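Since the structure comes first, as structure tokens, the remarks are kept for the end.
The values are calculated or read from the model by the stated rules, or taken from the named source; none is laboratory data. Note that the structure is predicted; figures quoted are calculated from it, not measured. Here the Cβ is made from the backbone with ideal geometry for all residues, glycine too, and neighbour counts use every protein chain on show. SASA here: full protein model, heavy atoms, side chains in, ligands and nucleic acids out. Shrake-Rupley method; radii C 1.70, N 1.55, O 1.52, S 1.80 Å.
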Amino acid sequence: MTDILFPPPAPVLVPMRDGSGFYPVSRIFCVGRNYADHAREMGGEVDREAPFYFTKSPAHLTLSGATTPYPPGTEDFHHEMEFAFAIGAEGFRVAAARAVDLVFGYAAGLDMTRRDLQGAAKDKRRPWDTGKDFENAAVIGPLTRATEFGAPGPQAITLLLNGEPVQRSHLSEMVWSVPEIVAHLSTLYHLRPGDLIYTGTPAGVGPVAPGDRLHGEIDGLAPVDLTIAAAD
């Protein structure tokens, strides 16, 4: 069994901001409704018993600076600015007190969403896959090492659409902190290097159209940029 019938996919790599190398991504987890103001604008409430998650395929990860086509199958394509972190050590059933030891680095990201497809799935109590996991659905900026960034909390998170602010909050407004997310997620999965976690979006999500430019910033991190092109 040595013959590979088709070329294997290239590894999915995120550059380090300091130029020291590339982080290989093997899984992407996303936290839902992690800002109370966003949960309210979507007509829901925060589940304060435990975080909940959906996933995106690493093959659908796109690096900051890309120009991507308006995706098929939707007429309501939305931006969601997010704070992301990368795991750098193995961990299972990790206590929150030491969960931060698993974090390798942080980045600014975009969780792009086919909102009409997500809404239709919600109405029928079906999975969100087609609304959340599609080509170019996850965008990521260069990673900054955790030791350089420090503890998440007071940093502002902002998104500009064509130069105008549309989302703004602070990381301290997250319902579930990074240590709490790591601790809980590690009860469901054996976490390992290559795991990338998006931590949810603040209020202000909205539609984008061909020609739009997104520019996201989180204090202390490299920005994330995306341009929307016409549909293929």
Anything in region 188-230 that is aromatic (Phe, Trp, Tyr) and within 23 Å of GLN155 (Cβ to Cβ)? List them, or say none. TYR198
Lone unmet requirement of (1) open to solvent by less than 40 Å² (accessible area, probe 1.4 Å); (2) β-branched (Val, Ile, Thr); (3) farther than 29 Å from GLU49 by Cα for VAL175: (3)
Cβ-Cβ below 8 Å, separation at least six or inter-chain, first residue in region 1-28 and without any contact (Cβ under 8 Å) to a residue 40 or more places away in the chain, second surrounded by 12 or more Cβ atoms within 10 Å (Cβ to Cβ) and of a type in the set (Val, Ile, Thr): which pairs? LEU13/VAL25; PHE22/VAL14
Qualifying residue in region 186-208 (condition: in contact with a strand residue (DSSP E or B) (Cβ under 9 Å, 6 or more places away or on another chain), surrounded by fewer than 21 Cβ atoms within 10 Å (Cβ to Cβ), at pLDDT 95 or above and among the acidic types (Asp, Glu)): no
What number goes with the only condition from (1) more than 19 Å from the chain's Cα centre (by Cα); (2) open to solvent by 60 Å² or more (accessible area, probe 1.4 Å) that LEU63 does not pass? (1)
With the structure loaded, tell me whether ALA59 is outside any strand (DSSP E or B) and of a type in the set (A, V, I, L, M) or whether it fails that test. yes
Residues that are under 30 Å from ALA229 (Cβ atoms) and open to solvent by 30 Å² or more (accessible area, probe 1.4 Å), drawn from region 138-160: PRO142, LEU160
The residue from ARG33, ARG40, ARG48 that alone is buried (at least 18 other Cβ atoms within 10 Å of the Cβ) and at pLDDT below 95 is ARG33
